[in-house]
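The values are calculated or read from the model by the stated rules, or taken from the named source; none is laboratory data. The model shown is predicted, which means the values in this text are computed figures rather than measured ones. Backbone-built Cβ (ideal geometry, glycine too); neighbour counts: all protein chains shown. For accessibility, only protein heavy atoms count, side chains too; no ligands or nucleic acids. Shrake-Rupley method; radii C 1.70, N 1.55, O 1.52, S 1.80 Å.
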Amino acid sequence: MEPRRNDTGATMKDVARAAGVSTATVSRTLMNPEKVSVQTRQKVENAVLEVGYYPHNLSRGMKRNESRTILVIVPDIGDPFFTDIIVGIEEIAAKHGYLVLIGDCRYQHKPEHTFVNLIVTKQIDGMVLLGSDVPFDSRHDEQRHFPPMVMANEFAPELELPTVNIDNLTAAFNATHYLQSLGHTRIACISGPEELPLCQYRVEGYIQAMRRMGMPVRDEYLVRGDFTHESGAECAAQLLALPEPPTAIFCHNDIMAIGVLWAARKQGLTLPQDLSVVGFDDLPAAQYCSPTLTTIAQPRYEIGRQSFLLLLEQLQGHTVAKGSRLLDSDLIIRESACAPKS
């Protein structure tokens, strides 16, 4: 007997045909995924998304196509930058009766079925992506398989998602220009990973500021870290070992900037007289390191809050325009930058 069709018109038989397995294997995969091989599970899950099939034996709430649950996918939950964004999402979500699941995709690139299974079985109503590097194919032509999505913090125009973020290019330009206004000409930049769009925008802001003032953009002054204290310290050691070391360093996040401060002190430098440092994010630690850190402040809580409200509009059936919703950022001046020695 042919499986009963669901609202999309797809059946379990369609899934089986697309995956090249039996309907019994499809049923076993969806009901007891631990009893099939990883290869089989991935084939079935991909086929379910491809044909648009959703199981019928879901909870009563899921039959109403509403789980009142959203998934927030975080690039690295250990990074304190994301804490306030998640708080902003959770507080406003709770007010509207939604539960928030947190998924750390740093450790999920191989077992992507963990997230895909939530989508396949309609256990989530929508997703907030806190980065463009996610453990499933989120290209625009694949989004028809997914529930509503919003991107927060990152901006990847090729994904064509509603997005809440700051103008990273302008913020980086302002940070670099501030160092120029103090009299620095030898300004280095410690970027985050090259593949991240926000890092690309911040590098472009640094380059534009240097060129605007007629200053050379030196290849050896542009180095890349991975947003950790260790990479900030390692990049600082590399820059300070140059025959003509920089007198100022602009870092793509506060954590790397704090690593730079540590490495400079280890070399016996006096801060900020011997080396000025500017960070990005305005984490709480920026106020308590020594010297206190000049940095770009992002409205992290508001980014989280606005991203959920954008998702909520979609969940309520409203059409939300694609593209970026820009929030303001500010340069917070503290003690880690001053005029260079003559």
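Simple spin-label model, 7 Å along Cα-to-Cβ: K266 to Q287 in nm?
Rounded to a tenth, the inter-label distance reads 2.8 nm.
So how far, in whole Å, is the C-alpha centre of region 289-317 from the one of region 205-250?
Rounded to whole Å, the Cα centres lie 27 Å apart.
K43: which aspartates and glutamates have alpha carbons under 17 Å from its alpha carbon, excluding same-chain residues fewer than 8 sequence positions away?
Answer for K43, where 17 Å is the Cα cut-off: D14, E34, E112, D137, E142, listed by chain and number.
Go through R224, R186 and list them by solvent-accessible area, largest first, probe radius 1.4 Å.
R224, R186
Keeping all protein chains in position, work out how much accessible area H229 exposes to a 1.4 Å probe, and write it in Å² to the nearest 10.
For H229, the solvent-accessible surface is approximately 90 Å².
Note down the accessible area of Y178, probe 1.4 Å, to the nearest 10 Å².
Rounded to the nearest 10, that gives 30 Å².
Quick one: if you take sqrt(5λ) for each eigenvalue of the C-alpha gyration tensor of region 168-298, what semi-axes come out, biggest first, whole angstrom?
19, 17, 14
Given a 1.4 Å probe and the protein chains all in place, what does the accessible area of T40 round to, in Å² to the nearest 10?
30
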